[in-house]
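Just so it is clear, none of the values below were taken in a lab; they were calculated from the coordinates. What you see is a predicted model, and the numbers here were worked out from it, not measured in a lab. Every residue, glycine as well, gets a Cβ built from its backbone with ideal geometry; the counts of neighbours run over all protein chains shown.
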Amino acid sequence: MSRILLVEDEKNQRELYAAELRDDGYEVEEASDGKMAVEKVKSNKYDLVVLDIRMPEMDGIEALGKILSRDKKIPIVIHTAYSNYKSNFMTWTADAYVTKSSNLDELKTKIAEILAARGQA
């Protein structure tokens, strides 16, 4: 079972996404901001991180840099409501960039593709 760290500051969205991913067979841990995500990555092993961008404490772009500086191989999917961050060169280091939607199919497909490519699905 692949372990996913889901980083989302909106509690209701985080719980919904986590439930959907668990239904798909993933083990999901949650973080409510970038700072918490970086701490969790320091002490746990994840197969993939789903990362929001706009969050309190530490935004997703800063968290992305800190996570990748610890573990360059961990796949990261940016999942944000703001498509304009695609032009930020830091987001280019992520494995995928998915704009939030009420339909989670694109997010789930990207996660499955990335994990399959790494032999973890």
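The table below gives the values:
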{"item": "Scattering curve values for the chain, log₁₀ I(q)/I(0), Debye with Cα scatterers, q = 0.19, 0.20 Å⁻¹", "result": "-0.99, -1.12"}
{"item": "Length-normalised contact order of the chain in % [C-alpha pairs under 8 Å, at least 6 apart]", "result": "23"}
{"item": "Environment charge at residue 42 (Cβ cut-off 14 Å; Lys +1, Arg +1, Asp -1, Glu -1)", "result": "+2"}
{"item": "Chymotrypsin sites (Phe, Trp or Tyr not before Pro) within region 15-67, DSSP loop, no more than 15 other Cβ atoms inside 10 Å", "result": "none"}
{"item": "At most 10 other Cβ within 10 Å, DSSP loop - trypsin sites (Lys or Arg not before Pro), region 1-81", "result": "45, 72, 73"}
